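Quick notes on the structure that follows.
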Amino acid sequence: MKGRFFPLVAVLAFLPFLLAMGVLSGESSPDKIPTPAKKFTATFIDQTDVITECIDVSIEGGTFIEGKRGEGTYAIPFENIQSIRLQRTEDKLKGLVTLRDGSTLDLSLSKNQKAYGRTQYGTFQIRLEDLKKMIIAEGPKKRK
């Protein structure tokens, strides 16, 4: 009889741990976004022309955009970027990066990356493929 109840006791003993792992692996809470080390503000314009002003802006927690150009991978810090115009196709996301010196750079971007920020209403997150344009304010902003 002991042999029959051992598997049941073992499952019941580990059940709380298994349930907790399910909670940890789910979607992150919308009020918890990455807080970047450098503070930037940006204006986001999505594919439906909705404009959102944000502070504490990041892409996946970083203050740079990363993309491919040819066979190389570029990482351009927000300090050097004036705006990013995004254009999605069926299988690709193209970013036309306008630098502060007026030059431009075409990059192939990851559709799955998200941009984050804080608005006057709460937190904000959007997939890069859902953006039309991102305008970055000049220089990091200092916190008060």
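Summary table
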item	result
Residue list for region 62-89, restricted to those being under 18 Å from residue 131 (Cα atoms) and among the polar types (S, T, N, Q)	63, 82, 83, 87, 89
Some residue of region 18-41 being at pLDDT 90 or above, outside any helix (DSSP H, G or I), in contact with a strand residue (DSSP E or B) (Cβ under 6 Å, 6 or more places away or on another chain) and not basic (Lys, Arg)	yes
Count of region 83-122 residues which are outside any loop (DSSP other than H, G, I, E, B), over 16 Å from residue 40 (Cβ atoms) and not charged (D, E, K, R)	10
Number of the condition not met by residue 75 [criteria: (1) loosely packed, with under 12 Cβ neighbours inside 10 Å; (2) at pLDDT below 95]	(2)
Matching entry among 85, 4 (being under 21 Å from residue 109 (Cα atoms) and either at pLDDT 60 or above or aromatic (Phe, Trp, Tyr) (or both))	85
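Here is a yes/no grid of residues against (1) out of contact with any His (no Cβ under 7 Å at 6 or more places or on another chain); (2) surrounded by 13 or more Cβ atoms within 10 Å (Cβ to Cβ); (3) free of Cβ contacts under 8 Å to residues at least 12 places away in the same chain; (4) closer than 20 Å to residue 49 by Cα:
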| residue | (1), (2), (3), (4) |
| --- | --- |
| 80 | yes, yes, no, no |
| 97 | yes, yes, no, yes |
| 100 | yes, yes, no, no |
| 104 | yes, no, yes, no |
| 123 | yes, yes, no, yes |
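The values are calculated or read from the model by the stated rules, or taken from the named source; none is laboratory data. Please read these numbers as outputs of a predicted model, since none were measured by experiment. Here Cβ is always computed from backbone atoms with ideal geometry, including for glycine, and neighbour counts include all displayed protein chains.
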